[in-house]
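Please read the structure below before turning to the comments.
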Amino acid sequence: MTDEAPAAYVGQKRIVSGVQPTGDLHLGNYLGALIKFVRMQHEMETFIFVADLHALTEWQDPAKLKDQVREIVAAFLAVGVDPKIATIFAQSSVPAHAELAWIFNCVARLGWLDRMTQFKDKAGKHKERSSVGLYTYPVLQAADILAHKATHVPVGEDQRQHLELTRDIAAKFNHDFDRPGFFPLAEAVVQGPGARIMSLRDGKVKMSKSDPSDYSRINLTDDAEAISQKVRKARTDAEPLPDNLEALKARPEAENLVGVYAALSGVTAEVVLKEFAGQGFGAFKPKLADLAVSVMGPIGAEMRRLLADKGEIDRILAAGGEKARDTAAPTLAEVKKIVGYWAG
């Protein structure tokens, strides 16, 4: 057994990532993931899916779920993901994900899942009331990745543990069935600057689509007026901006807004401080608002255009689903033979 990728994977990089269709996508999603997808589609073969299977770990309104999937796809397209380059599909349209997840449920160990901190965080004190799906969520993630034999996966800090589980499952499958290198051990693609954008109402809490306050985030569908208003109302402190990053560490709201400005303008936080050092938020916020409107405004407008014609989105999903099924099918067929399925 070897932990190294086999020769077949050398030079054949493939990235897989998914986004759940729950709630509005926001600035944090854009800076943390979406703009990375745009870049990565030109660097390696890219598969991006809307994780509607994962979404069911919490109650979803069946009448709204399809439109929520379309909204995520509209966001992909609006930021610049090209369906002629990247494969965009709905997770539920590729049965191999769910079939492979069951096999991996039989490979993964309870002790591994018991260590998953995200389940503990989401389940809280009442884990007995949580769905089995929420508990086995990371195993389905492993199937998402390995059904397409991805070599790279973009991750934030909160997903690193799940990628390690994917690597453990791949290695154990390869070992248990004496198939060295059958599944690659996917590498993390660290999100980098702008990956962790905090709430506009609390600089210690990550920006989230589940936050009850709409003023905590800038949604991708917000218009120019809403974006400007949210920036103006963002929580800050009374001190002027310092001239160094060290002085920002004890000021989470100030640090967050400087980070947002840096990420939107494509410069470092040090460059931002050099420009605004000594100035108060009365001067800084209008500049940030203008910048946010110039970057985010066109994205919202394009999303609204796309969502007005669902046919275009549906055609992209249909084509992407067909390609994703074709890509995953040989892997699943071979896995069935390996484990001894009658259908193999």
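Determine whether region 286-294 contains at least one residue that is at pLDDT 95 or above, among the polar types (S, T, N, Q) and assigned by TED's automatic domain parsing to the domain that holds PHE49.
Initial filter on region 286-294 (at pLDDT 95 or above): 286-294.
With the extra rule that they be among the polar types (S, T, N, Q), the set shrinks to 294.
With the extra rule that they be assigned by TED's automatic domain parsing to the domain that holds PHE49, the set shrinks to none.
The answer is no; no qualifying residue exists.
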>> I'm trying to understand the selection: among the residues of region 101-119, which are under 21 Å from the mean Cα position of the chain (by Cα) and modelled with pLDDT of 95 or more?
In response: ALA101
> In region 120-169, what count of residues is obtained for those that are among the hydrophobic types (A, V, I, L, M, F, W, C) and modelled with pLDDT under 90?
Replying inline: 4
> Exactly one of (1) at pLDDT 95 or above; (2) of a type outside the set (Phe, Trp, Tyr); (3) part of a helix (DSSP H, G or I); (4) more than 26 Å from GLY297 (Cα to Cα) is unmet by VAL16. Its number?
Replying inline: (3)
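Considering only region 241-327, give the helices (runs of 4 or more DSSP H) lying wholly within it that have at least 3 residues that are in contact with a strand residue (DSSP E or B) (Cβ under 9 Å, 6 or more places away or on another chain). Explain how you work it out, then say what you get.
Numbers: elements: 252-265, 269-276, 281-307.
By residue number, 252-265.
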>> Being in contact with a helix residue (DSSP H, G or I) (Cβ under 6 Å, 6 or more places away or on another chain) and either aromatic (Phe, Trp, Tyr) or surrounded by 15 or more Cβ atoms within 10 Å (Cβ to Cβ) (or both) is true for just one of GLN91, GLN68, GLN60. Which residue is that?
In response: GLN91
> If you take the residues of region 221-240 that are in a helix (DSSP H, G or I) and without any contact (Cβ under 8 Å) to a residue 60 or more places away in the chain, which of them is farthest from GLU71 (Cα to Cα)?
Replying inline: ARG232
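The values are calculated or read from the model by the stated rules, or taken from the named source; none is laboratory data. Just so it is clear, the structure is predicted and the values come from calculations on it, not from any experiment. Neighbour counts are summed over all protein chains in view; Cβ atoms, including those assigned to glycine, are modelled from backbone coordinates with ideal geometry.
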